[in-house]
């Protein structure tokens, strides 16, 4: 993942279609209800947009891996629901000491890996210790202040050097994945986890097939087989659905609702997500170093028109989406007001401004076209520089050589980017950094969220960026499918409860 938190990643960024679907208000439309009895031997085909380059969950960046492997193949002591609640996984329960320095987890008994080897407390200790001590493993820094990881029978204790309000959350992701100590599996092309599915086949460039793990410690998966079909183009995905070749379409275009629902075999479901369509400002020098210019750009953009053009969505005027702790409606900070924008530009002496938007070339032209038109109305000429992703990584992400850039950031709980002046956002505010540090050290979740909310308002009032929309899970679900998640599926997709009927 491209972050000191996760950016939408090389793979997910390549899913330009995902970047240009947003979410409506509400937790998600009701999924269709199948009328027939679930078939335990059914195979369910799910269209995904982005395919991982390899399957190494330890070292390889990319939400494409988290989406299909976390929860389904690999598990940690704890997991999280689509609604972002933390729930037990390999640990049946846990306790936290009053000072927030010791977390004790009770490991389930009778759990086996897919190769038949038993899960032991030592596997957990080794996995977490190795993650913490191996910088090459993704999210190793998230366990940096864990000073001790020990097992006493089935109890696993983590001792911290200082309270960390994000530890449990981090353990629901890659930082908490439990692997088999001494495993010889080729992680690039194979997998050995404890989840409800087993990796069966990977046809690179085409599909990944998972089959039910009959030795799973929990409730058995609803489908015998799930095939992830990688179909980047939305029209091609629609055609596959109408031809009966796929049962579920994720990363879909809400504007195609009528077409996909035309024959009654599919229903379009809209769910919330933590996807953030972010317009970054390079604030290191030049006109964008002036807050008035950044604020003018924000107020020149008609965010409601963006939502209308995308066919679904909700606006977002700050760095924290509605699903994350610390969210606040910040629409009062940058209301659409072209006249106010013109006045700010005049005050800043930045009339007849020329700027360049650097954007990965796989994104749709919808967003750039709206930005060019809106900024032109206030006297800003915006040139669009559409580049391949490798160039974007070098120029924007690494070298910070850009004026404006647009990217879809999908990761939940990623406010830390705004507390990191080295991140490509180039935002540097010591007060925000201090508030974020305080939120990490808080032992009360409500206090941690309040500190994040304070910090997020400052970022928005500083015009640290513009958040064009809060992206969505737009999913077309077959009417014979039940149990398909509809919230945040672009980030993680737990398929354990998906079932298919013949009726």
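Mind running the shape call on region 121-238? Use the C-alpha gyration tensor, a ≥ b ≥ c as the square roots of the eigenvalues: rounded below 1.5 for a/c, prolate if a/b tops b/c, oblate otherwise.
The shape class here is prolate.
Whole number please: convex hull volume per residue of the Cα set in region 74-188, in Å³?
About 110 Å³ per residue, rounded to a whole number.
Which one, (1) 16; (2) 24; (3) 20, gives percent of Cα pairs over 41 Å apart as derived from the coordinates shown?
Computed from these coordinates, percent of Cα pairs over 41 Å apart corresponds to label (3).
What order do you get for 385-391, 200-206 when each peptide is scored by the mean count of other beta carbon atoms within 10 Å, highest first?
With the highest mean Cβ count within 10 Å placed first, the list reads 385-391, 200-206.
Highest first, please rank the peptides 40-47, 113-120 by the mean number of other Cβ atoms sitting within 10 Å of their residues.
So the order, starting with the most tightly packed, is 40-47, 113-120.
Hey, with R₀ at 45 Å, roughly what FRET efficiency would residue 152 and residue 377 work out to, going by the Cβ-Cβ distance, to 0.05?
After rounding, the FRET efficiency stands at 0.10.
Let me make sure I get this right: for region 390-491, a, b and c are the square roots of the gyration tensor eigenvalues over alpha carbons, sorted descending. Under 1.5 in a/c it's rounded, otherwise prolate if a/b > b/c, else oblate. Which is it?
Since a/c reaches 1.5 but b/c is at least a/b, the shape of region 390-491 is classed as oblate.
Taking the Cα atoms only, what angle lies between the long axis of helix 366-377 and the longest principal axis of the chain, rounded to 10 degrees?
It works out to around 20 degrees.
Over region 276-470, how many percent of alpha carbon pairs lie in each 10 Å bin up to the one with the longest distance?
Over region 276-470, the share of Cα pairs per 10 Å bin runs 9, 37, 38, 14, 2, 0 percent.
If you average the C-alpha positions of region 197-253 and of region 372-420 separately, how far apart do those two centres end up, in angstrom?
32
How would you order 256-266, 188-198, 67-77 from highest to lowest mean count of nearby Cβ atoms within 10 Å?
Answer by packing, highest mean first, reads 67-77, 188-198, 256-266.
FYI, it's all coordinate maths here, none of it is from the lab. The model shown is predicted, which means the values in this text are computed figures rather than measured ones. All Cβ positions, even for glycine, are placed from backbone atoms using ideal geometry, and neighbour counts span all protein chains on display.
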